[in-house]
Amino acid sequence: MVLTFPAEAIDEPITYTLIKEYDVMINILNADITHGREGNLLIEMSGREMDVHEALVYLESKQIEISPVIKNILFNESRCIHCGACASVCFSGALEIDTTSRELKFNPEKCIACELCIKACPLQLFELNFGVN
Amino acid sequence: MVLTAEEVSEMGKTHSAREIARKVDVVTTGTFSPMCSSGVFINVGHADPPIRIEKATLNGVPVFTGLAAVDLYIGATENHPENPAYGGAHVIEELIKGIDVELIAHAKGTDCYPRKDIHTTINRSNINEMIMFNPRNAYQNYPVAVNSSKKIMYTYMGSLLPKLGNANYCTSGELSPLLNDPRLRTIGVGTRIFLGGTTGYISWHGTQFLTDTGTNEHGVPVSNAATLAVIGNAKAMSSDFIKAAYFEKYGVSIFIGIGIPIPVLDEEMASRVMIRNDQITACIEDYGDPDKPVIGRITYAELQTGEISLNQKKIRTASLSSFYKARIIADLLKKEVAEGRFLLSEPVEKFPHSKELNTLDIR
């Protein structure tokens, strides 16, 4: 998920609080934070269902916007030539060449936004989009 | 009867070579892969007053001008000096699409070509010739690439993940033109082909053409062997079959779509076109080692499953060659041949029977 922080929340130790007080595991995949400006953190969060739920309630109470990751991967499917260069680097299996049709299939739910496909695609059809949009 | 190479490979499971030789007249093949050694000759016509172009760029990409006054060669892999991800391949694709391209050219000027500078736009309709000429295309097999080093490598075989993280290959396997006629009996200078969406021709053997590279038990080369130099009218091509590409931290390249019909002359030819992915082997080269040693061999059937076993490790595989598009090309060509619109003929000249490769030594 992408956490979008308003400028006032930048100084708050959000990840520390999530880990220590809500007992959830945080894996930071990417960060785009500047003092005095809205910032973004791309994280993976896991833990007991109840803890995760309370952690999300806490984030919302801090005016932090939570966006599921799938909204932030843009793939220009219509221009794809089904070469397979992206599937080659996709650990999570979100990008796979179908063994029968040999077409590239993108399953956004499996995407962990590691960004390797962005550089691997020879036609630059992938875009990772952080932020409010 | 006209079939694609994939269909005849399937047919080969239940029919003998003799039966196939009797029933099948032509087999069509196809490939759609990055082929770096490609480019387009253009003639932009004469301005008034005329210029004998000495230095030129198209959309900022340098083009070769050492060919008389207004003949230029756009090399696919030449990149824009300030943008590594934009190059000759992109200019070629834009010209094929009919998009305007900016021409800036300079010259010292001569008595008969007094103009020293020109700044204008050109497109597919207002230039004279637009001839694709690719010195090296359609490799007959190519080694699979892996990377045993600790760092990711960015190569023309794509991104190679460290510690044998992935294995990339780049042919269309049983659909591949030169793997269906491995001894090049029916393919040579003058062979009519599908090139970039239109009809083209094989103009010469390609650069780095190599025989004697070692074959497997089915008589098919296991490493990069023969290549083709191809020619065609780029004005009639389609960007569905010519695509500019950029490989991160490697450079600009271009995907070229090629299809070649193979006449099933006799039983020997039939046994060749029946070749299946499980009968075509490729060497595996380790790009992580500076010597690029061969560390194994694998069949295309195994590669296409998406995972292979190497040194007791399971490795994900992927192709850089689009099998999906190769099928489309073979199918299109099948229709053209079957309906009598695409004719086959004997090559005007056969390819070299035996050829070795030189290396570039420091002399």
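Every number here is computed from the coordinates shown, using simple stated rules; none is lab data. As the structure is a prediction and not an experimental result, all values here were calculated from the model. Counting neighbours? That spans all protein chains shown, and the Cβs are built from the backbone with ideal geometry, glycine included.
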Percent relative contact order for chain A, counting Cα pairs under 8 Å at least six residues apart, stands at 24
With DSSP loop assignment and no more than 16 other C-beta atoms within 10 Å, the trypsin sites (Lys or Arg not before Pro) in the stretch B:90-143 are B:Lys97, B:Lys108, B:Lys116
So the angle from the long Cα axis of helix B:323-338 to the longest Cα principal axis of chain B, reported in degrees to the nearest 10, equals 90
Cysteines of chain A without any disulfide-compatible partner (other Cys Cβ under 4.7 Å) are A:Cys80, A:Cys83, A:Cys90, A:Cys111, A:Cys114, A:Cys121
Neighbours of B:Glu102 by Cβ distance under 14 Å: Lys/Arg at +1, Asp/Glu at -1, summed charge -3
Output field shielding_mean for B:237-249 (other chain Cβ, 10 Å radius) holds 3
To the nearest 0.05, the calculated FRET efficiency linking A:Asp32 and B:Leu67 through their beta-carbon distance, R0 being 56 Å, is 0.70
1/(1 + (r/R0)^6) with r = Cβ-Cβ of B:Arg18 and A:Phe91, R0 = 60 Å, i.e. FRET efficiency to nearest 0.05, evaluates to 0.80
Rounded to 0.05, the calculated FRET efficiency for the beta carbons of A:Ser78 and B:Cys112 at R₀ = 60 Å is 0.75
Expressed as a whole-number percentage, the relative contact order of the stretch B:45-127 with C-alpha contacts under 8 angstrom and at least six residues apart is 32
The stretch A:36-57 scanned against label point 7 Å out from A:Asp23 along Cα→C-beta; backbone N under 20 Å for A:45-57
Expected unfolding gain across B:Thr207-B:Ala85 under the 0.36 nm per residue rule, minus the alpha-carbon gap, is 41.4 nm
Those trypsin sites (Lys or Arg not before Pro) from the stretch B:222-288 that are DSSP loop and have at most 16 other Cβ neighbours within 10 Å turn out to be B:Lys249
Cross-link reach from B:Lys150 to aspartates and glutamates, straight Cα distance under 13 Å and at least 8 residues apart if same chain, gives B:Asp286, B:Asp289
Distance in Å, no decimals, from the C-alpha centre of the stretch B:152-209 to the one of the stretch A:91-133 is 26
Expressed as a whole number, the average count of other chain Cβ atoms within 10 Å around the Cβ atoms of B:148-161 is 2
Measuring from its Cα centre, the stretch A:71-128 shows a charge dipole (+1 at each Lys and Arg Cβ, -1 at each Asp and Glu Cβ) which, in debye to the nearest 20, is 60
Measuring from the longest principal axis of the C-alpha atoms of chain A, the long axis of helix A:49-61 (C-alpha) lies at a number of degrees, nearest 10, equal to 70
One quarter of the C-alpha convex hull surface, i.e. the mean projected area of the protein assembly as shown in nm², amounts to 30.1
